[in-house]
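One structure is given here, and the rest of the page talks about it.
The values are calculated or read from the model by the stated rules, or taken from the named source; none is laboratory data. Just so it is clear, the model here is predicted, and its values are computed rather than measured. Here Cβ is always computed from backbone atoms with ideal geometry, including for glycine, and neighbour counts include all displayed protein chains.
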Amino acid sequence: MTNHQAVLDRAFHALSDPTRRAIVARLVQGPASVSDLAAPFTLAMPTLLQHLRVLEGSGLVASRKTGRVRTCTLNAAALAETEQWLARQRAAWEGRLDRLEALALQLHKEENDHG
């Protein structure tokens with residue numbers, strides 16, 4: 001497995017959980033403390049911290065501690081990599097669907113011309 005594939009695997013694993021997706025969605029707005037990230041959830045703090053560890057391990061989130069406050073930020077570059085992969089997949093499927101539509105139109109035209 002290439003390093004690029006491993007990075008994508010970790011990112012998609014991290015994004016597979018709705019709590020982690022909600023944390024990422026919040027961090028899109030800007031940095032937040034762990035307590036701010038925990039506020040909308042009814043999770044125990046150790047559970048939330050485990051989610052943050054998964055996000056940090058994937059490279060999607062970074063954190064720094066200042067005094068007693070841990071602040072998390074989104075790593076936009078890591079998120080952009082997953083977006084680029086998805087864009088390539090979307091482009092491939094759109095191309096396939098366009099060719100399928102063209103074939104269907106051609107077959108329909110041929111059927112009308114002969115029938």
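Values computed for the structure shown
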{"read-out": "Residue within the stretch 93-114 that is in a helix (DSSP H, G or I) and either under 22 Å from I23 (Cβ atoms) or touching a Cys at 6+ places or on another chain (Cβ under 8 Å) (or both) present", "value": "no"}
{"read-out": "Within the stretch 63-105, tally of residues that are at pLDDT 90 or above and either farther than 28 Å from D36 by Cβ or surrounded by fewer than 11 Cβ atoms within 10 Å (Cβ to Cβ) (or both)", "value": "5"}
{"read-out": "Hey, F12 of a type in the set (A, V, I, L, M, F, W, C), loosely packed, with under 15 Cβ neighbours inside 10 Å and not in a helix (DSSP H, G or I) or not", "value": "no"}
{"read-out": "Condition check for E81: among the acidic types (D, E), more than 30 Å from P31 (Cβ to Cβ) and in a helix (DSSP H, G or I)", "value": "no"}
{"read-out": "Residue under evaluation A6, criteria (1) under 16 Å from L74 (Cα atoms); (2) surrounded by fewer than 16 Cβ atoms within 10 Å (Cβ to Cβ), criterion not met", "value": "(1)"}
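Yes/no per residue for (1) among the polar types (S, T, N, Q); (2) out of contact with any strand residue (DSSP E or B) (no Cβ under 9 Å at 6 or more places or on another chain):
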| residue | (1), (2) |
| --- | --- |
| D9 | no, yes |
| A14 | no, no |
| L27 | no, no |
| A44 | no, yes |
| T47 | yes, yes |
